[in-house]
Amino acid sequence: MERDQNVLFGQQRKVGVGFHNIGSGLLRASHQETVRKVERHYGERCGHLPLNAQALKVLVAENTAAIQTQMTYLSSLMERTLQPLTGDELLLMQQEMVERPLVVPYINVPETETYIQQELGADVWGLPGRMTHILKNKASFYQLVDETGLPDFQTPDYRVASVYDLPTAARDFLAVIEEMYHAADMIHEYPLGVMLRAAESDGNYGCCLLYEQAGRIVMVPNGDAGNTLYYRAWSEALVAAQQHLISTMDVQKETRVVISRYIDFVDSPGISVVLLDGEVASLRWNGQLQLKGSKACVGTSSYNPGNPTLQHLQQLYEEPTAAFFEALLRRTAERCQIDFASIRAVANLDIMLPGPLEARLQQCRKAPQVNYLAECNPRWTNYTDAILTMLGVSGREPTVANIRAVIQEGISTVDKYPLPEHLDPAVVREWIFERDALLKRDGTRIICRMAQKPMGLIFAGDVQLAQREFEQIVTMLFTKVAS
């Protein structure tokens, strides 16, 4: 991208507002209890701020003491005031304003777009709602990919079914997979399994991974390996999965479930891009931290291939991933009759790199060697939100060049760090603040994103040093409490 100095959010506004609508926007067709659960954990996090605005606000559903305390902490780091406001408070403030504020939501679904533009009377930043509507929905996205038929990347084998028909549809699909493995003479090697995802699920809230292992059916709900369940038969496991998915869904809004084949993959990198004035800038691959036994992403980092094979795959496929994603975004804008040059946004794509079993299966099926698409996140992510936070605390402008600089310097996040039972997260955050003040002299940072249990964190610069320093804080505080 030639014009790296372009600020993501355009001309400076008097008021810029971050809106971390991770519940109402991200999980718009989820059960309200699922929405509340996510909002409770992520409510304090909001790094996607239009940093070039004169005054920064954070739009919140409820102006809690925990949110106010976290915004005070971030204000100290950024050396500027971050003021949390409810929608009503923002409307009252606007009565004294001439210029419309710019609101940057975590995800700009059509419902959010209407709320910001019509109810709040503000301008909205991000992918247009019509595009997000297609790209975030698992069923619509897979169908779009199949219809566009772009090379090198494809959807895994999948079916779309109503959640009410799930056990039957999944059993029929499993029979097809079994035949496939028999034909490839891999029935005793390739674990039989499916990933079940509600069409409007996100962040693994509203999904179930099921696969055979040692004569049992393993079920991992919501990507949480700590809640793994075991069943004796597929019929029993699929009914349990159906009940779990229904409990997470708002079936008045969406009943579809995507049933995809369990894939043997060696890694699942993400790629984020910035759309700016008709151009697309790749932020290259990023790594995703997944706990053993789970496919859920619990943290992110700059991509560090762990072995020569992954390094080779990165060299081979990183640029084609970006090219594929750009082509897909342009096709989607065209379908939605949106001028691509008018878009300012970030978006993310997650892919799966086939492992040895899957590579062999592709060869046996005489299929082209391809990587699989896991999902599209037409929004900010854990990773890009953390990068914007780092720009804010280091006083740098939100440009593509500066975003790439943060990645180059090193960044890693953890969404759910398990603190010892008797440690107060607020005290841990105070110690992080003190230690960070020392470390930043040499370009290393520890930032608290959510001061709760489990804790959300950003490590930047010398990531390993930052992680060691944080663990020393936890050990020291735990020793004090224990004594």
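Summary table below
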quantity: Inter-centroid distance (Cα atoms) of the range 74-141 relative to the range 247-261, Å; calculated: 27 Å
quantity: Estimated vicinal HN-Hα couplings, Hz - the range 340-345 in sequence order (Karplus 6.51, -1.76, 1.60; Gly, Pro = x); calculated: 4, 5, 8, 8, 10, 6
quantity: Estimated FRET transfer efficiency (residue 14, residue 304; beta-carbon r; R0 51 Å; 0.05); calculated: 0.80
quantity: Percent RCO, i.e. relative contact order, over the chain, from Cα pairs under 8 Å lying at least 6 residues apart; calculated: 16 percent
quantity: Lys, Arg +1 and Asp, Glu -1 on Cβ, resulting dipole of the chain about Cα centre, debye, nearest 20; calculated: 400 debye
quantity: For residue 346, distant residues with modelled amide H under 5 Å away; calculated: 127, 275
quantity: Of the trypsin sites (Lys or Arg not before Pro) in the range 246-340, those whose Cβ has at most 11 other Cβ within 10 Å and which sit in DSSP loop; calculated: 253, 292
quantity: Added length on full extension, which subtracts the Cα-Cα distance from 0.36 nm per residue, residue 369 to residue 430; calculated: 16.9 nm
quantity: Projected label distance in nm at residue 401 and residue 266, using a 7 Å step from Cα toward the beta-carbon; calculated: 3.7 nm
quantity: Loop GluC sites (Glu not before Pro), the range 378-483, which have at most 16 other Cβ atoms in a 10 Å radius of their Cβ (DSSP); calculated: 421
quantity: Cross-link pairs 138/416; 416/440; 37/480; 14/136; 440/480 - those with Cα-Cα distance over 29 Å; calculated: 37/480; 14/136
quantity: Positive-end residue, the range 219-370 charge dipole about Cα centroid, Cβ charges, pick of 287, 336, 225; calculated: 225
quantity: Heavy-atom surface of the chain, accessible at 1.4 Å and reported per residue (Å²); calculated: 43 Å²
quantity: Among 483, 459, 11 - extreme Cα towards positive end, dipole of the chain, charges at beta-carbon; calculated: 483
quantity: Amide hydrogen neighbours beyond the local backbone of residue 85, cut-off 5 Å, H modeled; calculated: 58, 59, 60
quantity: Cβ-placed point charges (K, R +1; D, E -1), dipole of the range 149-296 about Cα centre in debye, nearest 20; calculated: 400 debye
quantity: Label point 7 Å beyond Cα of residue 464 along Cβ direction - residues of the range 304-331 with amide nitrogen under 15 Å; calculated: 304-307
quantity: Simple Cβ-charge dipole of the range 336-398, Lys/Arg +1 and Asp/Glu -1, about Cα centre, in debye nearest 20; calculated: 280 debye
quantity: Under Karplus coefficients 6.51, -1.76 and 1.60, residue-wise ³J(HN,Hα) of the range 353-359 in Hz, glycine/proline x; calculated: 8, x, x, x, 5, 5, 4
quantity: Computed label-point distance, nm, for sites residue 323 and residue 36 using a 7 Å Cα→Cβ extension; calculated: 5.0 nm
quantity: Which labelled figure in (1) 23.4; (2) 24.7; (3) 24.0 is Kirkwood radius over Cα pairs in Å, once derived from the coordinates; calculated: (1)
quantity: Degrees, to the nearest 10: 425-439 long Cα axis against longest axis of the chain; calculated: 70 degrees
quantity: 0 to 90° range, to nearest 10: angle between helix 234-248 axis and the chain longest Cα axis; calculated: 20 degrees
quantity: Crossing angle, helix 400-409 versus the chain [Cα axis fit, 0-90 degrees, rounded to tens]; calculated: 70 degrees
quantity: Gain in span if fully extended, residue 441 to residue 91, counting 0.36 nm per residue against the direct Cα distance; calculated: 122.0 nm
quantity: Helix-only mean residue ellipticity at 222 nm for the chain, each DSSP H run of n ≥ 4 adding -39500 (n - 2.57), per residue, nearest 500; calculated: -12000 deg cm²/dmol
quantity: Estimated FRET transfer efficiency when R0 is 51 angstrom, pair residue 408-residue 251 (beta carbons, to 0.05); calculated: 0.65
quantity: The chain, accessible surface, carbon-and-sulfur percent (1.4 angstrom probe); calculated: 48 percent
quantity: Förster-model FRET efficiency, 45 Å R0, residue 98 and residue 228, C-beta, rounded to 0.05; calculated: 0.20
quantity: Built amide H within the under 5 Å cut-off of residue 265, gap 5+; calculated: 355
quantity: Virtual paramagnetic centre 7 Å along Cα→Cβ of residue 79, amide N under 20 Å, in the range 371-414; calculated: 388-399, 402-403, 406
quantity: Farthest positive-ward along the chain dipole, Cα basis, beta-carbon charges - from 300, 312, 346; calculated: 300
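The values are calculated or read from the model by the stated rules, or taken from the named source; none is laboratory data. It should be emphasised that the depicted structure is a prediction, and the values quoted were computed from it without experimental measurement. Using ideal geometry, Cβ is built from the backbone for each residue, glycine included, and neighbour counts are taken over all protein chains shown. We work out accessible area using only protein heavy atoms, side chains counted, and drop any ligands, DNA or RNA first. Shrake-Rupley method; radii C 1.70, N 1.55, O 1.52, S 1.80 Å.
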